[in-house]
Amino acid sequence: MPLWRIFTIILCSVLLVCCKKGQVLHDGSGKAFSSNTFNGHYVVVNYWASWCDSCRSEIQYINQFYQAHKKEGVLVYGVEFTGLPPSAMQQAAKQLDIQYPLIRENIAAKMHWGEVAYLPTTFMLDPKGHIAKKIVGPLKKDQLEQALLKLENHDQPLIASKHMHKRKDYA
């Protein structure tokens, strides 16, 4: 067997093992978990900052969505955009009454979802882990609910992740 084929087989094997492992993430309290937690679930990830008025205004809608769907297995996470230390992030989340779990890392960068340059930005993933919707700007009251219903009815991404535009394209 040619050497290049052996190398290709080894490389593909290594990539498959690494892909299955998932990314290590940390929740708001610092506890590690794997991005594999997302597998088989609809996932909403919202980027926010305490100084962002639009972010503050949409938290109530995200809280309502989270409370309505958490028992159905829909996962909702918040990501504090500015990288506050954990205690300051938890304090800001408490002041803003964020009721859903937080992720400390820039998950969009870790998962290669594209740049987050404007706030608020919300990603919705389908159960296969594809970006189904990316919302730049404040959420409207029932926007997450409508997007979830559309996804559940079609069971396919609304936007393929390879067709996503970088944040600078929204300027």
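Accessible area of Leu144 (1.4 Å probe, protein heavy atoms only, ligands and nucleic acids ignored): about 10 Å². Working note: Karplus 6.51/-1.76/1.60 with θ = phi - 60° gives region 123-134 the couplings 10, 10, 10, 7, x, 8, x, 7, 6, 8, 7, 10 Hz, where Gly and Pro are set to x.
By the gyration tensor of its Cα atoms, with a ≥ b ≥ c the square roots of the eigenvalues, what is the shape of region 56-144: rounded for a/c under 1.5, prolate for a/b over b/c, or oblate? Mind showing how you got there, number by number?
Values: a/c = 1.41, a/b = 1.07, b/c = 1.31.
Cα axes put region 56-144 in the rounded bin.
If you take all other residues with their beta carbon under 13 Å from the beta carbon of Leu96, and give Lys and Arg +1 and Asp and Glu -1, the sum is -2. Using the empirical formula 2.2 N^0.38 Å as the baseline, the Cα radius of gyration of region 20-77 reaches a ratio of 1.27. Shape annotation for region 83-127: C-alpha extents along the principal axes are 29, 21, 18 Å, from largest to smallest.
A DSSP coil position with no more than 16 other Cβ atoms inside 10 Å describes the following chymotrypsin sites (Phe, Trp or Tyr not before Pro) in region 86-150: Tyr118. With a cut-off of 15 Å between beta carbons, the residues surrounding Phe65 carry a summed charge of 0, where Lys and Arg count +1 and Asp and Glu -1.
The values are calculated or read from the model by the stated rules, or taken from the named source; none is laboratory data. If you're wondering where the values come from, they're calculated on a predicted model, not measured in any experiment. All Cβ positions, even for glycine, are placed from backbone atoms using ideal geometry, and neighbour counts span all protein chains on display. Note: areas computed on protein heavy atoms with side chains; ligands, DNA, RNA excluded. Shrake-Rupley method; radii C 1.70, N 1.55, O 1.52, S 1.80 Å.
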